[in-house]
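Student: Can you keep this structure in mind? I'll have questions shortly.
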DNA sequence: CGCGCGATTGAGTGAGCTCAAGCCTCGTGG
DNA sequence: CCACGAGGCTTGAGCTCACTCAATCGCGCG
């Protein structure tokens with residue numbers, strides 16, 4: 001629990017959000033993944049591939065040393081199967097964001113981000129619900145690092161969404177979307 | 001073999017390069033992965049996630065129906081293990097490109113692309129070799145779709161690399177890099 | 001109160017896009 | 001054998017979206 005860098009071991013995210021980041025030598029940074037409960041955390045079969053894990057919010061983890069998990073995986077094929085499924089899902093998500101980073105405009109990226117968060121965090125996880133309300137798990141700086149934009153651009157796009165009555169924002173963090181359909185229309189796909 | 005869209009089955013890429021693409025409704029497109037021999041091709045446990053597979057070059061495949069592979073995977077844990085390893089590698093690659101798409105400049109992206117291709121294609125797969133020579137498996141349009149740029153920008157950056165004597169180009173397709181170190185310096189990381 | 005941190009807002013700049021023209025190579029048909 | 005056209009690539013000119021730099025705001029905390 002807290003914001004330590006938990007590498008060299010496997011963990012299960014019990015609550016909170018963990019960000020996975022990659023950086024360039026001159027300080028530019030990109031968030032390459034967000035892990036929500038109850039995701040796994042860690043990179044089997046390899047000496048951590050230059051990815052840093054950092055808590056984005058208060059986080060509670062359940063972690064094991066590397067060797068233990070690797071032994072468990074050999075013993076129980078079910079575990080490996082579950083890990084494969086999660087990895088495939090992460091790959092799908094990564095590719096979804098490659099599309100956003102490579103081809104979407106700033107406003108489409110922000111809309112897509114809000115929609116993704118809404119779907120992951122909104123407590124009333126009713127997929128049919130046409131509205132959502134949630135706290136952003138990331139600061140503007142983190143959102144910018146996730147979307148490949150600057151803080152200022154993120155802020156301006158949020159302001160525009162608010163001005164268009166697509167979202168409401170309270171305390172800089174809490175977002176309410178009355179009509180998710182209107183948000184979806186702004187995602188570009 | 002050829003350039004058909006091979007979905008709904010699993011395949012092994014025997015030779016050539018397959019591009020995985022995602023598109024937006026208005027036609028914008030992004031290449032989200034390249035599969036070289038001897039990669040797997042296909043998406044287990046899911047009804048193909050809005051990703052299209054298309055041959056980038058002449059390709060030869062060895063493919064099986066979905067059901068067969070899924071049965072084989074249940075029978076042999078070794079297969080599932082191998083699939084997990086490849087999937088983890090693809091995830092690493094996808095994240096590498098998220099960094100490029102989100103944070104690298106056009107010239108850094110082109111340099112990174114050339115380096116990636118050199119490492120995958122150069123016949124003399126000697127990792128210690130400090131030079132490489134290879135045919136680009138993609139057209140300028142495909143490179144642009146992979147790097148989140150336009151054809152024109154890709155072309156201009158290649159011209160700049162050529163003008164700086166980092167690469168030589170023959171027939172628009174064949175690239176020679178005399179000093180890979182100089183190319184690496186232009187990747188940003 | 002005053003400081004620090006995160007966020008917003010404004011003004012000006014520039015990297016990469018759009019639009020447009022021209023080049024090169026190769027295949028096809030006269 | 002050459003003319004022609006198509007497709008892929010390059011180059012140029014101008015524009016625009018997102019970036020940079022800078023000022024300001026608001027809030028929480030010592």
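The numbers here are math on the coordinates, done by the rules we state, and not lab data. These numbers come from a predicted model, not from an experiment. Methodologically, a virtual Cβ is constructed for each residue, glycine included, from the backbone with ideal geometry; neighbour enumeration extends over all protein chains shown.
Student: Calculate, for residue A:54 and residue B:170, the FRET efficiency according to 1/(1 + (r/R0)^6) with r their C-beta to C-beta distance and R0 45 Å; round to the nearest 0.05.
Tutor: The formula returns an efficiency of 0.45 here.
Student: Per-residue Cβ counts within 10 Å, from other chains only, averaged over A:26-38: what number is that?
Tutor: Average neighbour count from other chains, rounded to a whole number: 3.
Student: While we're here: For segment B:99-151 and segment A:70-136, what is the separation of their Cα centres, given in Å?
Tutor: 28 Å
Student: Sticking with this one: Just the Kirkwood number for the protein assembly as shown, please: inverse of mean 1/r across all distinct Cα pairs, in Å, one decimal.
Tutor: This gives a value of 22.2 Å.
Student: Could I ask something else about it? Where the label is 7 Å out from Cα toward Cβ, how close does residue B:168 come to the same position in every other copy, in nm, shortest first?
Tutor: Going from nearest to farthest copy, the values are 6.8 nm.
Student: Okay, next question. Mind checking the mean number of beta-carbon atoms from other chains within 10 Å of the Cβ atoms in B:13-22?
Tutor: 1
Student: Related question: On C-alpha positions alone, give me the angle between the axis of helix A:151-163 and the longest principal axis of chain A, in degrees, nearest 10.
Tutor: Around 50 degrees separate the two axes.
Student: From the C-alpha gyration tensor of segment A:1-158, pull out the three semi-axes of the equivalent ellipsoid (sqrt of 5λ each), sorted largest to smallest, in whole Å.
Tutor: They are 28, 19, 15 Å, listed from largest to smallest.
Student: Would you kindly work out, in nm and rounded to one decimal, the distances from the label point of residue B:23 to those of the same position in each other copy, ordered shortest first, with label points 7 Å along Cα-to-Cβ?
Tutor: Those separations, rounded to one decimal, come out as 4.0 nm.
Student: Once you keep just the Cα pairs under 8 angstrom separated by 6 or more residues, what percentage relative contact order results for segment B:5-99?
Tutor: 34 percent.
Student: Still on this structure: Can you list, shortest first and in nm, the gaps between the label point of residue A:71 and those of its counterparts in the other copies, using a point 7 Å from Cα in the C-beta direction?
Tutor: 3.7
Student: In nanometres, what is the gap between the two model label sites at residue A:129 and residue B:120, each 7 Å from Cα along Cα-to-Cβ?
Tutor: About 4.1 nm separates the two model spin labels.
Student: Return the calculated 222 nm mean residue ellipticity for the protein assembly as shown, to the nearest 500 deg cm²/dmol, obtained by summing -39500 (n - 2.57) across DSSP H runs with n ≥ 4 and dividing by the residue count.
Tutor: -13500 deg cm²/dmol
Student: I want to verify a result. In a Gaussian network model of chain B, Cα cutoff 10 Å, which of these has the top mean-square fluctuation: B:56, B:37, B:129?
Tutor: B:129
Student: Ok, one more. For labels at residue B:182 and residue B:72 in the simple 7 Å Cα→Cβ model, what's the distance in nm?
Tutor: Distance between the two pseudo-spin positions: 4.6 nm.
Student: If I take every Cα pair under 8 Å that is 6 or more residues apart in chain B, average their sequence separation and divide by the length, what percent do I get for the relative contact order?
Tutor: Normalised by residue count, the contact order of chain B is 21 percent.
Student: Quick one: if you stick a label point 7 Å off each Cα along the C-beta vector at residue A:151 and residue B:39, how many nm between them?
Tutor: If labels sit at residue A:151 and residue B:39, their model points lie 3.7 nm apart.
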